[in-house]
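What follows is calculated from the coordinates using simple rules that are stated; it is not laboratory data. Because the structure is a prediction, the values reported are computed rather than measured. Neighbour counts run over all protein chains shown; Cβ positions are idealised from the backbone, glycine included.
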């Protein structure tokens, strides 16, 4: 079962190593990891995508919550959150394929950010399945290089991981 877990932490050295170490010791491979600053100075947010048994993942989440410099943990899913990935995809780009590619990019709500030397770099921020479909449609044009961030997430409505009044528990 795939889980998306957010962790609000202090910007301190060693936090990533301690969090990754917990997953490693439990035998979980982190499928995707994204870290970025938040609206709170001195705090960062980890978003970790991992596959595993729900009960064991809950135990790992509880152990992460106890780590030094960790403030809050939460689970995100498509019901309570907006889940997105960001991707950059470099493809072959010629005058003969230009119109088709531009149309495809617009349909998938992407954007061409660079055209140089017979190649175009396209960016897209979407749900994982839409990026998968987009890449599948671009494949015949010749993908030169691609990269994806992994999931990032944000609760819908006014609920927030940064809310200091309570710890958000995993469902289940």
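Here the spin labels are modelled as points 7 Å beyond Cα on the Cα-Cβ line, and at residue 16 and residue 159 they lie 2.9 nm apart. Build a GNM of the chain with springs between Cα atoms under 10 Å apart, and of 24, 86, 155 the one that fluctuates most is 24.
Please give the residues of the stretch 66-88, grouped as numeric ranges, whose backbone N is less than 18 Å from a label point set 7 Å along the Cα-to-Cβ vector of residue 119. Hits in the stretch 66-88 for residue 119 at 18 Å: 87-88. Working from Cα positions, state the angle (0 to 90°, nearest 10) between the long axis of helix 15-25 and the longest principal axis of the chain. Result, in degrees: 90.
Normalised by 2.2 N^0.38 Å, where N counts its residues, the alpha-carbon radius of gyration of the stretch 82-148 equals 1.01.
Using C-alpha pairs below 8 Å separated by at least 6 residues, the relative contact order for the chain is 28 percent.
Helix 128-138 axis versus longest C-alpha principal axis of the chain: approximately 20°, rounded to the nearest ten. Taking label points 7 Å from Cα along the Cα-to-Cβ direction, residue 68 and residue 136 give a separation of 4.8 nm.
Taking the stretch 19-75, how much of its Cα-Cα pair set, in percent, is spaced more than 13 angstrom apart? Looking at the stretch 19-75, the distances longer than 13 Å represent 63 percent of pairs. In plain terms, the chain from residue 54 to residue 112 could stretch by 16.9 nm, reckoned as 0.36 nm per residue minus the Cα-Cα distance. Its DSSP H runs of at least 4 residues, each contributing -39,500 (n - 2.57), put the calculated 222 nm mean residue ellipticity of the chain at -7500 deg cm²/dmol, to the nearest 500. Compared with the alpha-carbon gap, the fully stretched path from residue 35 to residue 79 is longer by 13.6 nm at 0.36 nm per residue. Counting every C-alpha pair in the chain, the share spaced more than 30 angstrom apart comes to 30%.
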